[in-house]
Amino acid sequence: MNFNIYDFTEFVNSIKLWLNSVLPPAAADIAGFVIIGICFLTFIVILGLSLVYIERKVCAFFQQRLGPMRVGFWGTAQTIADIIKLVFKEPLISKGSDKFLFNLAAFIVIIAPFMAIAAVPFAKGLHVLDFDIGLFFITAISSIGVTGILLAGWSSNNKYSLIGAMRSGAQIVSYELSVILSLLTIIVLTGSLQLSVIVESQRDGWWIFKGNIPAIIAFFIFIIASTAESNRGPFDMAEAESELTAGFHTEYSGIKFAFFFLAEYINLFIIAAVGATVFFGGWMPLHIGNFEFFNNIMDFIPPIIWFFGKIAAIIFLIMWFKWTFPRLRIDQLLTLEWKYLLPINLINLLLMALVALSGWHL
Amino acid sequence: MGLKNYISDIYNGVKSLITGMKVTGHYFTHPGEIVTQQYPENRDTLKMFERFRGEVVLIHDENNMHKCTGCSACELACPNGSIEIISGKEIDPETGKSTKIIDTFVYHLSMCTFCNLCILSCPTDAIKMAQGFEHSVFDRSKLTKVLNKPGSKIMPGIK
Amino acid sequence: MTEQELITNIETAPETQEYFINMGPQHPSTHGVLRLLLTLDGEIIKKVEPHLGYIHRSIEKMCEKDSYQQIVHLTDRMDYLSCHMNNEAVCLCVENGLQLEIPERVKVIRTIISELTRLSSHQLWWGVMGMDLGAITTFLYGFRDRELITDIFEETCGARLTMNYNVPGGVMFDIHPNFQKRTKDFITYFRKKLPEYDELLTGNVIFTERTKDIGYLSKEDAISYGVTGPSGRASGFACDVRKRFPYSAYDRVEFKEIIYTEGDCFARYKARIDEMWESMKIIEQLIDNIPEGEHKAKTKAVIKLPEGEYYQRVETARGELGVYIVSDNKKSPYRVKFRSPGFSNLSALDTMARGNKIADLVATMSTLDLVIPDIDR
């Protein structure tokens with residue numbers, strides 16, 4: 001087995017060969033699926049738990065607090081304790097709710113990010129689904145989550161939940177536009193929706209630097225719109241703790257509530273991953289044109305660290321938004337999208353086309 | 001004109017958002033300014049102010065003497081009935097006169113609002129407010145306290 | 001589609017229904033156990049009906065069996081955020097009834113502590129206001145600064161929230177030796193921190209969008225509903241009792257009565273922020289000039305008010321608090337009535353919130369600065 005931290009292609013291939021050598025071809029494929037599934041399941045659980053912990057710590061430091069300090073060193077085991085508590089809690093179902101949809105909603109919400117995460121390129125060769133519509137796949141799949149939110153609101157038999165769900169529906173449908181248009185702005189330059197190609201196209205510099213001003217504008221629109229799409233503050237209209245108690249998941253308890261909670265954080269990760277891949281070169285180290293020396297030093301840092309570093313930076317930015325700003329009102333939210341983000345986005349796309357045609361980008 | 005307003009709206013909006021982020025960003029990067037305390041861990045160093053009203057205590061000196069004459073002024077002053085004085089009689093062996101003394105000084109912590117009126121009303125300064133604030137117990141009956149220690153006597157000369 | 005078709009389309013469209021929502025008694029933004037029955041059309045509020053009584057403790061009735069000293073501590077539990085002003089109101093009323101000359105020192109101490117209480121109340125309100133609008137961080141910042149004031153209270157009065165520092169005739173103890181230094185330190189500290197409040201919320205584009213032209217209350221409505229305090233003054237109703245009917249030491253300090261004419265949430269917000277500056281000014285004028293003297297005038301152990309009716313009003317952090325005592329020359333009053341500012345302010349909520357959205361109702365309620373135990377008593 002040939003393990004190389006800079007390029008996982010051989011490592012993955014060797015596992016594949018080994019599976020094929022010990023198992024018949026069909027069984028080898030299934031075994032491969034199972035291994036990948038288990039890997040992602042573990043990854044998502046660890047990711048969810050650590051993101052919750054990080055969020056609590058980051059928020060605490062913004063607020064001049066220490067955050068969780070009791071369970072484990074500096075409270076590191078706090079989220080594990082929380083999840084144990086949630087697992088043991090009674091899953092209550094309110095009277096008059098649509099039981100089937102009520103249960104289904106929690107699963108739909110968690111399935112969407114599970115599917116989307118498969119297309120995320122973690123490092124060279126460490127990429128499960130790499131097909132030519134990768135970016136399209138991620139945006140399409142991750143918007144399935146809103147169905148879950150709508151169902152949750154509808155089936156809960158609670159007016160607060162219903163209002164929250166309807167808000168969330170209006171919000172996600174609108175902001176989906178901006179997310180995709182801002183991504184399209186970069187696609188104009190890459191010419192491909194395949195994530196590995198997008199990453200590879202940034203070998204000589206990230207798009208945010210190469211793409212001139214339109215790329216920077218596109219990134220800001222992307223970060224605003226994707227914050228809104230993931231239902232996070234200041235766009236947490238669907239939950240709106242002080243208005244709708246807890247919005248669409250008011251009636252959920254126990255492990256089903258944990259699903260909603262986990263889904264929020266995995267969505268956060270996916271958004272950051274997409275942003276990092278498209279604007280900041282994914283796992284690609286920071287390269288500046290032809291400065292061989294500089295590029296070589298940067299190459300020395302493993303791509304997986306680059307990738308997670310970029311994601312951490314974007315997640316931090318989104319958390320910073322959440323813990324600073326007041327919440328918008330639903331009509332202001334839609335005004336922001338349709339009167340500001342969308343027109344700017346369209347003009348920006350046009351501008352980018354102009355840049356691409358005249359070769360002003362690097 | 002309309003376009004100019006539109007752009008200045010966006011500019012001012014973004015500027016105000018960044019001002020806000022600067023404030024939170026400042027505190028994020030200055031963890032030394034954290035104000036919260038780690039409460040049970042800092043028990044040893046935690047000192048309450050001397051006037052803090054935590055509970056009523058009857059002051060006893062080293063000879064197990066207190067100053068309470070059992071006049072029940074505190075009982076009358078208490079707005080919630082959290083003090084009950086059960087008084088007894090003691091016959092002076094020399095003169096044969098009987099004097100009123102306290103038998104039990106019952107203090108219902110669960111009913112107390114820490115208003116300090118009993119302390120103000122006490123003519124002999126026998127009771128005071130102590131600084132203890134950890135009053136939680138598993139059994140409600142433990143909140144009913146007897147303040148005079150067993151075998152304690154009134155200080156001589158206090159009338 | 002022609003115009004006619006459009007009209008028939010609208011006519012044949014399924015009818016929309018109004019529906020009810022119970023906001024409270026347990027709800028994050030009603031700050032206690034206030035129950036609002038909302039009639040909604042989608043998200044638009046058609047009617048707000050406050051239902052009270054969830055935290056009624058019959059304080060007025062309890063006063064009828066208590067002595068005048070004991071009444072004071074009950075008023076702590078009405079508007080707990082301006083407890084000192086409540087106590088002061090009762091004490092002033094009793095002192096007026098007894099024709100008692102109270103020492104100058106007491107007046108100044110009472111004024112300083114009142115203003116500190118007002119500051120702490122407004123700090124908490126600011127934090128909660130931010131939290132109601134979704135900016136949770138402000139809550140912690142508000143509490144951070146308030147903590148210093150509660151420390152001052154704890155050192156001098158012996159309690160942090162329900163201080164019961166006033167007694168008829170004066171204050172319970174003399175001020176702590178550290179009091180002046182701590183207060184001055186706090187003022188220096190808070191003069192630096194208050195601009196931060198502006199940076200975080202006042203200037204924020206989301207915040208101004210959320211509060212400007214929301215929850216409008218005209219001056220006429222403010223007067224007819226009896227909306228007082230910063231909420232009334234933001235509608236242009238000059239109702240500052242400290243200015244109009246000075247009590248304690250307010251006649252000798254200079255401060256501005258904050259008046260805004262916009263009458264919307266933002267004006268109410270600004271009125272409170274400006275009041276914090278004014279409060280600091282008042283404290284600064286008095287803190288070095290506390291006259292020497294007794295901290296309490298001599299009173300009898302059993303206070304009996306002469307037969308008659310007594311009324312005293314003070315300006316609490318929420319508005320005008322009136323204390324009305326009817327005495328029949330016994331040791332407890334015949335009847336006590338509190339005119340609480342929160343109750344009158346709440347009554348205007350329906351007028352202010354109608355036609356706005358649920359989120360605006362939360363903002364409106366926040367800027368009214370309701371304290372539910374004050375409304376229910």
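The values are calculated or read from the model by the stated rules, or taken from the named source; none is laboratory data. These numbers come from a predicted model, not from an experiment. Every residue, glycine among them, receives a Cβ derived from its backbone with ideal geometry; neighbour counts consider all protein chains shown.
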Residues satisfying the stated conditions in segment C:101-148, i.e. of a type in the set (D, E) and free of Cβ contacts under 8 Å to residues at least 40 places away in the same chain: C:E147
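Tell me, which helices (runs of 4 or more DSSP H) wholly within segment A:271-362 include 1 or more residues that are modelled with pLDDT of 85 or more and surrounded by fewer than 23 Cβ atoms within 10 Å (Cβ to Cβ)? Before you say what the answer is, go through the steps one by one.
Values: elements: A:292-300, A:303-322, A:330-335, A:342-358.
It comes to A:303-322, A:330-335, A:342-358.
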Taking the options C:I273, C:I282, C:I259, name whichever one is more than 30 Å from A:E243 (Cα to Cα), crowded, with 17+ Cβ neighbours inside 10 Å and either in contact with a Lys or Arg (Cβ under 6 Å, 6 or more places away or on another chain) or more than 14 Å from chain A (Cβ to nearest Cβ) (or both). C:I282
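When you check B:G88 against the structure, is it in contact with a strand residue (DSSP E or B) (Cβ under 9 Å, 6 or more places away or on another chain), among the small types (G, A, S) and touching a residue at least 24 places away in the same chain (Cβ under 8 Å), yes or no? Talk me through it step by step, then tell me what you get.
On the way: in contact with a strand residue (DSSP E or B) (Cβ under 9 Å, 6 or more places away or on another chain): yes; among the small types (G, A, S): yes; touching a residue at least 24 places away in the same chain (Cβ under 8 Å): no.
Taking the combined requirement at face value, the residue does not satisfy it.
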Can you pull out every residue in segment B:22-66 that is in contact with a His (Cβ under 8 Å, 6 or more places away or on another chain) and of a type in the set (K, R)? B:R51
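Conditions tested, residue by residue: (1) closer than 30 Å to C:N178 by Cβ; (2) at pLDDT 85 or above; (3) hydrophobic (A, V, I, L, M, F, W, C).
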position	(1), (2), (3)
B:D61	yes, no, no
B:N80	no, yes, no
B:G88	no, no, no
B:D92	no, no, no
B:S98	no, no, no
Do any residues in segment A:273-302 that are more than 23 Å from A:I44 (Cα to Cα) have Cβ atoms under 8 Å from those of residues that are outside any helix (DSSP H, G or I) and hydrophobic (A, V, I, L, M, F, W, C), where the two are at least six apart or on different chains, and which pairs are they? A:F279/A:W206; A:P285/A:I301; A:L286/A:W206; A:G289/A:L362; A:F294/A:I288; A:N295/A:I288; A:M298/A:L286
So the helices (runs of 4 or more DSSP H) completely within segment A:1-100 holding 1 or more residues that are surrounded by 13 or more Cβ atoms within 10 Å (Cβ to Cβ) and touching a strand residue (DSSP E or B) at 6+ places or on another chain (Cβ under 8 Å) are A:9-22
Taking the conditions exactly as written (within 14 Å of another protein chain (Cβ to nearest Cβ), small (G, A, S) and either loosely packed, with under 14 Cβ neighbours inside 10 Å or in contact with a strand residue (DSSP E or B) (Cβ under 6 Å, 6 or more places away or on another chain) (or both)), does B:G81 satisfy them or not? yes
Condition check for A:S142: in the same structural domain as A:N231 (by TED's automatic domain parsing), at pLDDT below 85 and among the polar types (S, T, N, Q): yes
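Residue by residue, here is whether (1) touching a Lys or Arg at 6+ places or on another chain (Cβ under 6 Å); (2) modelled with pLDDT under 85; (3) surrounded by fewer than 18 Cβ atoms within 10 Å (Cβ to Cβ); (4) assigned to a loop (DSSP other than H, G, I, E, B) holds:
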{"site": "C:Q17", "(1), (2), (3), (4)": "no, yes, yes, yes"}
{"site": "C:P25", "(1), (2), (3), (4)": "yes, yes, yes, yes"}
{"site": "C:L38", "(1), (2), (3), (4)": "no, no, no, no"}
{"site": "C:K46", "(1), (2), (3), (4)": "no, no, yes, no"}
{"site": "C:P50", "(1), (2), (3), (4)": "no, no, no, no"}
{"site": "C:I55", "(1), (2), (3), (4)": "no, no, yes, yes"}
Test each condition in (1) surrounded by fewer than 15 Cβ atoms within 10 Å (Cβ to Cβ); (2) more than 14 Å from every other protein chain (Cβ to nearest Cβ); (3) closer than 14 Å to B:S82 by Cα for B:H135 and report the one that comes out false. (3)
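Does A:K339 satisfy being away from chain C (no Cβ under 12 Å) and touching a residue at least 24 places away in the same chain (Cβ under 8 Å)? Break it down into steps so the answer makes sense when it comes.
Details: away from chain C (no Cβ under 12 Å): yes; touching a residue at least 24 places away in the same chain (Cβ under 8 Å): no.
So A:K339 does not fit the description; no.
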Inside segment A:178-255, counting only helices (runs of 4 or more DSSP H) that do not spill past its ends, which hold 3 or more residues that are under 18 Å from the mean Cα position of the chain (by Cα), at pLDDT 80 or above and within 14 Å of chain C (Cβ to nearest Cβ)? A:212-229
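Scan segment C:346-368 and tell me whether some residue there is away from every other protein chain (no Cβ under 14 Å) and closer than 30 Å to C:E95 by Cα. Before the answer, list the steps.
The initial filter retains those residues of segment C:346-368 that are away from every other protein chain (no Cβ under 14 Å), namely C:346-352, C:354, C:368.
In the following step, the residues that additionally are closer than 30 Å to C:E95 by Cα were identified as none.
Checked against the condition, which is being away from every other protein chain (no Cβ under 14 Å) and closer than 30 Å to C:E95 by Cα, segment C:346-368 yields no hits at all.
Each row is one residue, and each column tells you yes or no for (1) in contact with a Phe, Trp or Tyr (Cβ under 6 Å, 6 or more places away or on another chain); (2) farther than 13 Å from C:L368 by Cβ; (3) at the interface with chain B (Cβ under 10 Å from one of its Cβ atoms); (4) modelled with pLDDT of 85 or more.
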position	(1), (2), (3), (4)
C:K184	no, yes, no, yes
C:F190	no, yes, no, yes
C:E196	no, yes, yes, yes
C:T211	yes, no, no, yes
C:Y225	no, no, no, yes
C:T228	no, no, no, yes
C:C239	no, yes, no, yes
Tell me, please, whether a residue that is away from every other protein chain (no Cβ under 14 Å), out of contact with any helix residue (DSSP H, G or I) (no Cβ under 7 Å at 6 or more places or on another chain) and of a type outside the set (A, V, I, L, M) can be found in segment A:56-65. no
Pick from segment B:1-59, criterion within 26 Å of C:G142 (Cβ to Cβ), among the hydroxyl-bearing types (S, T, Y) and more than 20 Å from the chain's Cα centre (by Cα), ranking: farthest from the other protein chains (Cβ to nearest Cβ): B:T29
So which of C:S248, C:S235, C:S231 is free of Cβ contacts under 8 Å to residues at least 40 places away in the same chain and either in contact with a strand residue (DSSP E or B) (Cβ under 9 Å, 6 or more places away or on another chain) or polar (S, T, N, Q) (or both)? C:S235
